[in-house]
Structures are given as structure tokens and as C-alpha cells.
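The structure appears below as C-alpha cells.
The values are calculated or read from the model by the stated rules, or taken from the named source; none is laboratory data. Keep in mind that this is a model prediction, so the values were computed, not measured. All Cβ positions, even for glycine, are placed from backbone atoms using ideal geometry, and neighbour counts span all protein chains on display.
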Amino acid sequence: MSKICTINDKGNINGMTTIFMENEFLKIGILAGRGSDIFQFEYKPVGIDLMLRLNKDIINPNQVFSQIRNTGTQFEDYYYGGWQEILPNSAPINYRGAELGQHGEVSLIPWEYEILNTSDDEVSVKLWTRPLRFPILIEKILTLKKGSSELFIDETLTNESETFLHLMWGHHIAFGLPFLSEGATIDTSATKFFAEEAMPENRLFKPGEIQDWPLVKDLQNNKIDAQNILKSDAHKFSDLAYLSQFKDEAFYTIKTDLMSFSMNWDKAIFKSLWYWQERFAVQDSPWWGKTYAVALEPWTSNWIANPSLDLMESDWLKLKPRQVIKTSLTTNCSH
């Protein structure tokens with residue numbers, strides 16, 4: 001008789017260790033050898049992998065690299081889709097003497113891991129890492145349980161220094177095809193919407209204005225329902241917006257005709273839900289006119305270029321010396 005819950009760490013992609021967790025409902029692929037990414041999130045009852053997967057390999061940064069490595073955009077060089085843990089920043093910055101590239105270090109370095117539970121009823125794995133240029137430890141435990149279509153993620157962040165630290169922390173979760181090929185709807189407890197100003201002209205939403213979700217203005221000041229994710233063959237655009245001020249618990253659900261995916265998180269830590277869409281619009285680097293992606297990403301704050309220390313003090317997550325923060329996220333699928 002086959003086991004209901006399984007976990008296996010024997011695989012690798014281009015020399016990077018992979019871990020697969022599985023139960024009756026889910027098959028989760030984790031790239032422990034680089035970033036602890038969830039590169040596969042299959043909902044087995046409908047046979048769909050929800051994660052975005054670009055038409056490129058999952059590259060090992062220690063094997064393949066550009067002749068120019070001192071850039072702030074290496075995250076995009078190696079981006080293939082999936083779900084990344086982002087820490088300790090988003091836009092490239094110099095933070096108190098530390099040069100930090102786009103979306104921080106932890107998504108491009110190996111993570112250590114330990115398999116904690118291998119029973120028929122439950123499997124779990126702990127992963128952890130420390131970035132090179134920032135004195136912080138991030139740990140997380142991923143758990144699947146028998147009879148449940150939920151993925152449980154428990155995280156711990158530790159300031160290992162004797163000084164305060166400002167940081168941005170995010171879950172860069174991007175969805176792709178075929179999951180969203182026929183479009184979808186978004187349900188969320190967010191109440192406010194703000195479209196990022198620093199986006200290309202071929203965008204959908206009117207930028208720079210706090211609006212009530214979900215009926216928001218397009219560039220012609222027409223009200224449109226931002227809950228609707230358009231079919232993949234609809235018009236081309238590129239946009240980024242932030243959803244905030246969550247009623248009760250913070251959550252979102254993406255629902256298609258076949259299934260739904262939901263996520264719950266702690267709104268006291270992840271205050272902003274980034275809503276990014278790249279729909280074959282950007283013709284230059286890094287997307288080259290061939291990228292379709294829709295992402296809904298819990299973050300501690302909104303993106304900003306060249307943030308001042310005053311802004312970090314007021315808006316970013318701040319850890320006191322040796323402070324420890326614990327939080328949890330949960331996903332669920334249904335059909």
C-alpha cells in the first residue's frame with residue numbers, strides 16, 4: 001500500500017538539490033539548492049501546476065553567469081517563474097554600506113534543510129539560510145497533512161546583529177499558464193488600491209492615486225473591475241499595483257472555472273499585496289515581448305527606488321538587535 005504523504009530530497013536541477021512533498025491533493029517542488037523556491041505547485045485533482053514557468057531553464061548561478069556580474073539585476077537574469085522568498089530588500093540599494101541587488105540575496109543562494117517528519121499522515125521540511133551581506137537568519141517549515149489541500153508555512157526571522165535593521169520581506173508568487181489561460185477573478189479582504197507610477201506607458205491602471213478596491217480607474221478615467229484577470233490572449237499591458245488595508249484577516253483567492261487558490265497571511269507583517277501583471281507588453285529586457293505573468297505577492301511594504309533612512313524608519317519592517325519575528329502563511333486549493 002502506497003504512502004499518502006511522501007517527501008523526497010534525492011533530486012536535483014542543474015546541480016541544485018530539490019525536495020518534493022506530496023499528498024492526495026498537492027505536489028510541491030522546492031529548490032533547496034537555490035532560494036528555497038517553490039518551482040512546482042501542482043493541484044492534483046485537476047492536474048494543473050499553478051506556478052509561472054518561463055521558457056527558460058532553472059539556472060544554477062554558480063554554473064552560468066554573465067561576463068558582467070556587478071549589476072543590480074541578477075534576480076532577473078535567473079528568474080524563471082515560481083515562488084521566491086525575497087529578503088532583505090526589493091529595489092537595488094546601498095543599505096548602510098551593504099550593496100544589495102534587486103530582490104535581495106536569499107533567492108539566489110543555497111539553503112540548508114532538514115526533513116522533520118516523514119509519516120504517512122504528515123510530512124514537513126525545515127529550510128534556512130543567511131545572506132552574505134545582511135546579518136539575518138531566515139528559517140521556515142513547510143508542512144503537508146493527510147486529507148488536506150493546504151500548505152502550511154511557518155517562518156522565523158532573526159536579527160543576528162547588535163544593531164537595528166530595516167528590511168523588506170516578500171513572497172514573490174507568480175502564476176502562469178495554463179492555470180490562467182481563460183482568465184480568473186480575485187477575491188480579497190483588501191479595501192484600497194494604488195497603482196505604481198514607475199511602470200511603462202503600456203499599462204492598464206491610472207497611477208499615483210489611492211482608490212477603493214475593486215472598481216478603479218484606467219488611464220482614461222473609466223472605472224474597471226480590477227478583480228478580473230483577463231484571458232491570456234486579451235490586450236497587452238504591464239502593470240503593478242498595491243492592495244492594502246485588509247478587513248479582518250488578510251487573504252486572497254484566485255478562482256478559475258476549474259479551481260481556486262487561496263492564501264492567508266499576517267497583515268501586521270505583510271501589509272501590502274503586490275498585484276503584478278506582465279502580459280506580453282514589455283518588448284525590451286528582461287521580458288522581450290514573450291512573457292505572460294500574473295503575481296499576487298504579500299510584502300511588508302510597497303516598492304520604492306532609492307528609499308531614504310527616514311522612509312525606511314516609517315515604512316519598512318524594523319528589527320531591534322537580536323529580535324526574533326515569527327509568522328505563518330497558509331495556502332489552500334479547491335475545485
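Looking only at the stretch 169-192, count how many residues are assigned to a loop (DSSP other than H, G, I, E, B), crowded, with 18+ Cβ neighbours inside 10 Å and not small (Gly, Ala, Ser).
Of the residues in the stretch 169-192, 3 are assigned to a loop (DSSP other than H, G, I, E, B), crowded, with 18+ Cβ neighbours inside 10 Å and not small (Gly, Ala, Ser).
Identify, from the list Asn332, Asn306, the residue that is in contact (Cβ under 8 Å) with a residue 12 or more places away in the chain and more than 23 Å from Arg53 (Cα to Cα).
Result: Asn306 is the single residue among Asn332, Asn306 that is in contact (Cβ under 8 Å) with a residue 12 or more places away in the chain and more than 23 Å from Arg53 (Cα to Cα).
So, in the stretch 35-70, of the ones that are farther than 22 Å from Tyr292 by Cβ and hydrophobic (A, V, I, L, M, F, W, C), which residue ends up modelled with the highest pLDDT?
Residue satisfying both the conditions and the ranking: Val64.
Examine the stretch 68-77 for a residue that is over 15 Å from the mean Cα position of the chain (by Cα) and among the aromatic types (Phe, Trp, Tyr), and state whether such a residue exists.
Within the stretch 68-77, none of the residues are over 15 Å from the mean Cα position of the chain (by Cα) and among the aromatic types (Phe, Trp, Tyr).
Go through (1) modelled with pLDDT under 95; (2) over 24 Å from the mean Cα position of the chain (by Cα) and name the single condition Lys217 misses.
(1)
If I filter the stretch 19-42 for residues that are farther than 20 Å from Cys333 by Cβ and surrounded by fewer than 14 Cβ atoms within 10 Å (Cβ to Cβ), do I get at least one hit?
No, the conditions are met nowhere in the stretch 19-42.
Looking at the stretch 47-63, which of the residues that are loosely packed, with under 14 Cβ neighbours inside 10 Å and in contact (Cβ under 8 Å) with a residue 40 or more places away in the chain is farthest from Ala32 (Cα to Cα)?
This residue is Asn55.
Determine whether the stretch 254-270 contains at least one residue that is on the phi > 0 side of the Ramachandran plot, free of Cβ contacts under 8 Å to residues at least 12 places away in the same chain and either of a type outside the set (D, E, K, R) or touching a strand residue (DSSP E or B) at 6+ places or on another chain (Cβ under 8 Å) (or both).
no
Can you pull out the residues in the stretch 305-326 that are out of contact with any Ser or Thr (no Cβ under 8 Å at 6 or more places or on another chain) and at negative phi?
The answer is Ala305, Pro307, Ser308, Leu309, Asp310, Leu311, Met312, Glu313, Ser314, Lys318, Leu319, Lys320.
Evaluate the stretch 134-145: report whether one residue or more is among the β-branched types (Val, Ile, Thr), surrounded by fewer than 16 Cβ atoms within 10 Å (Cβ to Cβ) and not in a loop (DSSP other than H, G, I, E, B).
no
All but one of (1) hydroxyl-bearing (Ser, Thr, Tyr); (2) at pLDDT below 95; (3) not in a loop (DSSP other than H, G, I, E, B) hold for Thr331, so report the exception by its number.
Answer for Thr331: the failing condition is (2).
In the set Asp37, Asp9, which member is among the charged types (D, E, K, R), within 24 Å of Phe152 (Cβ to Cβ) and over 20 Å from the mean Cα position of the chain (by Cα)?
That would be Asp9, the only listed residue that is among the charged types (D, E, K, R), within 24 Å of Phe152 (Cβ to Cβ) and over 20 Å from the mean Cα position of the chain (by Cα).
Any residue in the stretch 240-248 that is under 24 Å from Tyr78 (Cα atoms), surrounded by 15 or more Cβ atoms within 10 Å (Cβ to Cβ) and in contact (Cβ under 8 Å) with a residue 12 or more places away in the chain?
yes
Can you pull out every residue in the stretch 193-212 that is among the charged types (D, E, K, R) and surrounded by 14 or more Cβ atoms within 10 Å (Cβ to Cβ)?
Glu196, Arg203, Lys206
For the stretch 156-166, how many residues meet the condition of being surrounded by fewer than 22 Cβ atoms within 10 Å (Cβ to Cβ) and assigned to a strand (DSSP E or B)?
Qualifying residue count for the region: 4.
Checking Asp266 against (1) within 16 Å of the chain's Cα centre (by Cα); (2) buried (at least 19 other Cβ atoms within 10 Å of the Cβ): exactly one of these is not met. Which one?
Among (1) within 16 Å of the chain's Cα centre (by Cα); (2) buried (at least 19 other Cβ atoms within 10 Å of the Cβ), Asp266 violates only (2).
Scan the stretch 102-131 and report the pairs whose first residue is more than 21 Å from His171 (Cα to Cα) and whose second residue is polar (S, T, N, Q), with Cβ atoms within less than 6 Å and a gap of 6+ or a chain change.
Between residues of the stretch 102-131 that are more than 21 Å from His171 (Cα to Cα) and residues that are polar (S, T, N, Q), the close pairs are Leu116/Ser124; Asn117/Ser124; Val123/Asn117.
Just give me the residues in the stretch 80-104 being crowded, with 23+ Cβ neighbours inside 10 Å and not in a strand (DSSP E or B), in sequence order.
Gly82, Pro88, Asn89, Ser90, His103 - these are the residues of the stretch 80-104 that are crowded, with 23+ Cβ neighbours inside 10 Å and not in a strand (DSSP E or B).
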